[in-house]
Amino acid sequence: MKPSYMFNHRLTLGAFFIFCVCLSGNAWAQEPTQAVTATMASEPTTQNQRQKIGLVLSGGGARGLAHIGVLRALEEQHIPIDYIAGTSAGALIGGMYASGMGVDEIEQRVKSMNFEKILFEKSDRRTQTQFTRDIEYQGNGMVDLSITREGAIALPKAVINGARVEEALRDILKDHPYQMDFDRLPIPFRAVASDLSTGQKVVLSKGILAQALRTSMSIPAVFSPVEMNGRLLTDGMVASNLPINVVREMGADRIIAIDVGSGLLPKDKIKNVLNVSEQLVSILVERNVADEVKTLSDNDMYVKVNVGDIANLQFNRIEEALKYGYDAMNQAQVTQQSSKMSVPTAQYNSLMAQHHNTAEPPKIIHFVRVETNGLAHPETLQNIIQARAGKPLNMDTVNADIKQLLNIDRIESVKYDVLPVGDHNELVYYVGEKDIAKNVLRAGIEVSSNSLTNQKFSLHLAHRNIWINNFGAEWRSYLTLGNNTRFKTEFNQPLSSGQNWYIRPKADFAFENNSAYLAGQNKSATDYDVQRTNVGVQIGQSIGSVGEWGLGASWRATRVNANHTNPVLPIDADRQSRFTIDAELTLDQLDDFYIPTQGYYTKFYARTSMQKTDGKRYLQSGIHSIWAKRMGQNSLAIDFEAAGHNNSGSVYTSPYRLGGYHRLSGYEQNQFIGNYLLFGSVSYRYLSPWKMLNEPLILGASLETGNTWNNLSDIGTRGLKASGSLFGAISTPIGPAQIGIGITRKGHANVYFYLGRTISNW
């Protein structure tokens, strides 16, 4: 059996439960029975006298793909469609057909769409600025909240902003990129949405077609609602999942209403709070569908399609869905009635000749403008878009611009429009800043364990004050609470609207409680406390989206507290402080920083003191590189690190440690410490077909070698340690989850579990 690329079970997260319910239009339940209601009069044979037929397509998630089979059957039966109205999935299929696409093209387009990727794919971190990517290095984010000017915490409006959905729709409907009256389409069309503030039905009869379909599919609490003409709009299923009255008001004399909903859960299936919530939503949907069906007359036809056990997110079962829709329209009791709507072949061909997709002629763009809601600076955003005045509108460029704008952190939505300005045309990007709040609070967790008695828990908190001035200045502060406590704050001030050059003052304070080991022993002999302080400033330049470089100066201090509880390994107190000149270069094009399968990462740094101590100048440098190559479902990653400093004090002031998960996995966490470090590993990763929220379960193995030394002269291959690991990993909404077993060359083993970050960037 081919593995499913979608969830086949109910999602356990509340928001995604709502997602599934709303996509289905009528929620999960027992299999619906095939139903048809129709009594038709004789059909006139002349085209001018023919009564107009309106087609109504309900919402239904993956079940809505059955509408394609319905359309194919209607074409084979020579039943012309004069008007179409649809909700959610019905709006998607109905809008594509109304735009002039044939059934074959719709089927091909839908089959080529990776719905899981469209719904759940994260933004590509490789197109972000380096300062945006820096957030990941400080800890994973589980909750992203906003703080209003009044001090209240504002939760996100949705789990998914729907940008990928709208991008796919813009690509499919690129022949209709401008504002238009939907009556001008080959088949007049209406999409149905709901007003989130009043619950009223909103009929979308004009606008940009892709945006109208996206609005009709804006599942509450999952996709961000769409603001349109002063109203906040969401999925039409809330108000009218089967918009029969809409198509009747368009002028239809006869109606074919297709319902792919699944009805209500039976009593024995209502077992928990999710089932109860699910049923409440289903009752609302069923009620508005029933009210619409009551308005049908004997001249109309209502077909409830049996879609079997297709779940709401099983878009990979398109072949089955199409067959269910096609078979439903070819049932004897259905064809007996629908045949009375059929017209002769010649007349049908004449009518269908008008049903073809004609691309609107491209308009020359004379002006390009970015409009915000007041937080982001338009000039700053305009510097990163590609659209230029004097060229025809190009939807590939528009899509690229919108994607690039959305990759800027804290941008929630981007719309476009082409507006007439006298005899000229202006392309406008409407940018909606996320949650319209300048203060952002982010929280995440980190859990690690390498034995039943050695578990560590850390809480990561981050506060950000964004868009402080017109150049996009941002103040960030990070706090980590746990076995190691750390506070870091930095102010990033771009020096131009292009945001290429920056100046960045920062301060970093940390308190560490570390274990110390005797040579050749895997059990901790004692522990020691370290305080680290770093205050400095850096000026530098972004290297596009690849990385950045910087030069700066800093004052650094490290203090080790004495611990003489174990006479075999006494630790003396020591304090080191110095003023240094610093240089850094970061290049980051990894697809994922914690579980990379493609791309590269390199960070190089060098520091030197201005004054000499005991006749020598302090020097510190290091390089850390990761290279990953993906080949189909397989990936190979190489990790290399070399670093050192000519530390004249206690070795316990050194930041260089090895041991632990993927850092000599068979050894204890930070078992080795020294003034110089050398490490390398090769990891194989297999991206399995089993997925969660579009993230594959990764299975892999690694070979690792390295060591630390106190003196530069001690470094040599004879002292290298060797280790290996077997592991599984997956990205989750609360950070990367990894489990593995590491073993040394001598057979010592450790079992690891990690939830959260696995790389430190001190």
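The values are calculated or read from the model by the stated rules, or taken from the named source; none is laboratory data. Keep in mind it's a predicted model, so treat the numbers as computed, not measured. No Cβ is skipped: glycine too gets one built from the backbone with ideal geometry, and neighbour counts run over all protein chains shown. Heavy atoms of the whole protein, side chains included, go into the accessibility calculation; ligands, DNA and RNA do not. Shrake-Rupley method; radii C 1.70, N 1.55, O 1.52, S 1.80 Å.
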Next on the checklist: Are there DSSP H segments in the chain that both extend 27 Å or more along their axis (alpha-carbon positions) and score a mean Kyte-Doolittle hydropathy of at least 0.5? List them, or say none.
Outcome noted: 273-293
Checklist entry - How big is the charge dipole of the chain about its Cα centre, in debye rounded to the nearest 20, if each Lys and Arg gets +1 on its Cβ and each Asp and Glu gets -1 on its Cβ? => result 2040 debye
Checklist outcome for this item: Shape descriptor, the stretch 69-119: equivalent ellipsoid semi-axes (Cα gyration tensor, sqrt 5λ, whole Å, largest first) stand at 21, 13, 9
Checklist entry - Between the stretch 654-676 and the stretch 55-69, how many Å separate their Cα centres? => result 57 Å
Checklist entry - Under the definition of Cα pairs under 8 Å and six or more residues apart, what whole-number percent is the relative contact order of the stretch 433-566? => result 15 percent
Checklist entry - Using mean Cβ contacts within 10 Å as the protection proxy, how do 502-511, 202-211 order, highest first? => result 202-211, 502-511
Checklist entry - For the chain, what's the relative contact order in percent, using C-alpha pairs closer than 8 Å and at least 6 residues apart? => result 13 percent
Item to check | Percentage relative contact order, the stretch 701-762, counting C-alpha pairs under 8 Å, at least six apart | outcome: 25 percent
Checklist outcome for this item: With a 24 Å threshold on alpha-carbon distance, the violating pairs from K269/K323; K122/K206; K117/K403; K201/K294 are K269/K323; K122/K206
Checklist outcome for this item: Quick note, the stretch 192-272: a/c under 1.5 would make it rounded; otherwise a/b > b/c is prolate and the rest oblate (a ≥ b ≥ c, C-alpha gyration tensor); here it is oblate
Checklist outcome for this item: If each part is reduced to its alpha-carbon centroid, the stretch 77-141 and the stretch 335-413 end up apart, in Å, by 13 Å
Checklist entry - Of (1) 37; (2) 32; (3) 41, which is the value of percent of Cα pairs over 44 Å apart derived from the coordinates here? => result (1)
Next on the checklist: Ignoring ligands, DNA and RNA, please state the percent of accessible area on the chain from carbon and sulfur, probe 1.4 Å.
Outcome noted: 55 percent
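How long are the semi-axes of the equivalent ellipsoid of the stretch 685-750, defined as square roots of 5 times the Cα gyration tensor eigenvalues? Whole Å, largest first.
So the three semi-axes of the stretch 685-750 are 33, 13, 10 Å.
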Checklist entry - List the trypsin sites (Lys or Arg not before Pro) in the stretch 376-467 that DSSP assigns to loop (not H, G, I, E or B) and whose Cβ has at most 15 other Cβ atoms within 10 Å. Which are they? => result R388
Next on the checklist: How would the stretch 491-640 be classified by its alpha-carbon gyration tensor: rounded, prolate or oblate, with rounded meaning a/c under 1.5 and the a/b versus b/c comparison settling the rest?
Outcome noted: oblate
Next on the checklist: Suppose all protein chains stay in the model; what accessible area per residue would a 1.4 Å probe give for the chain, in Å²?
Outcome noted: 43 Å²
